[in-house]
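Reading through the structure tokens given below for one structure.
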Amino acid sequence: MTKALIFDFGRTVYDKDNKKLFRGVIVFLKYCKRNGYKLALISNDEPGRRELINDLNLGGYFDKIIVTKEKGEGDFRKCISDFGLEPKDVVVIGDRVKKEIKIGNRIGAVTAWFKHGKYAREEPKEDDEKPDHIIISLSQLYDFI
């Protein structure tokens with residue numbers, strides 16, 4: 001049973017090309033908060049990233065925000081541990097099969113590939129890159145959390 005969600009930031013929550021949050025992000029985050037899900041946001045540290053996350057007022061929605069030089073398994077494991085959960089109770093959502101999906105699978109989480117935009121054609125080449133779910137809209141998350 002899903003108890004927490006870990007989101008990638010760039011091209012998953014935030015549309016880098018149009019410089020705004022993807023449609024439905026805030027509505028979905030509010031739904032999750034109302035229904036007791038723990039939420040984490042993990043982002044690579046790019047110039048201005050922390051300020052952007054702050055300017056978008058995302059802090060009130062996420063229980064944990066990690067901005068790191070390069071996302072790795074340790075960042076995802078830390079979120080899960082801090083939430084006091086098992087990986088099987090967490091959904092990792094990201095737009096890269098070679099990054100977030102691979103990490104989520106390796107740690108035993110449920111994975112959802114947000115297949116759109118720049119990396120939509122980045123097909124899984126290894127077993128640990130195959131997502132449990134493929135979504136083209138964040139609203140599809142309601143169907144399986």
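So that you can scan it fast, the table gives a plain yes or no per residue for (1) touching a helix residue (DSSP H, G or I) at 6+ places or on another chain (Cβ under 8 Å); (2) buried (at least 18 other Cβ atoms within 10 Å of the Cβ); (3) in contact (Cβ under 8 Å) with a residue 40 or more places away in the chain; (4) in a helix (DSSP H, G or I):
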position	(1), (2), (3), (4)
LYS33	no, no, no, yes
LEU41	yes, yes, no, no
PRO47	no, no, no, no
ARG50	no, no, no, yes
ASN57	no, no, no, no
GLY60	no, no, no, no
GLU70	no, no, no, no
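Inside segment 97-121, residues that are without any contact (Cβ under 8 Å) to a residue 60 or more places away in the chain and under 17 Å from THR2 (Cα atoms) make up a count of 7. Residues that are within 12 Å of ILE136 (Cα to Cα) and not in a loop (DSSP other than H, G, I, E, B) within segment 94-118 comprise GLY94, ALA112, TRP113, PHE114, GLY117, listed in sequence order. Restricting to segment 73-93, name every residue that is part of a helix (DSSP H, G or I) and in contact (Cβ under 8 Å) with a residue 40 or more places away in the chain. Of everything in segment 73-93, those that are part of a helix (DSSP H, G or I) and in contact (Cβ under 8 Å) with a residue 40 or more places away in the chain turn out to be PHE76, CYS79, ILE80, ASP89. With the requirement that a residue be farther than 13 Å from SER137 by Cα, touching a residue at least 60 places away in the same chain (Cβ under 8 Å) and either among the β-branched types (Val, Ile, Thr) or part of a loop (DSSP other than H, G, I, E, B) (or both), what does segment 1-31 give you? Across segment 1-31, the qualifying residues are MET1, THR2, LYS3, ILE6, ASP17.
Filtering segment 83-95 to residues that are in contact with a Lys or Arg (Cβ under 8 Å, 6 or more places away or on another chain), within 23 Å of TYR14 (Cβ to Cβ) and of a type outside the set (A, V, I, L, M) leaves PHE83, ASP95.
Please verify whether ILE53 is touching a strand residue (DSSP E or B) at 6+ places or on another chain (Cβ under 6 Å) and at pLDDT 95 or above, treating the condition exactly as stated. Answer is no for this residue.
The values are calculated or read from the model by the stated rules, or taken from the named source; none is laboratory data. In this text, all values refer to a predicted model and were calculated from it rather than measured experimentally. We place every Cβ from the backbone using ideal geometry, glycine too, and count neighbours over all the protein chains shown.
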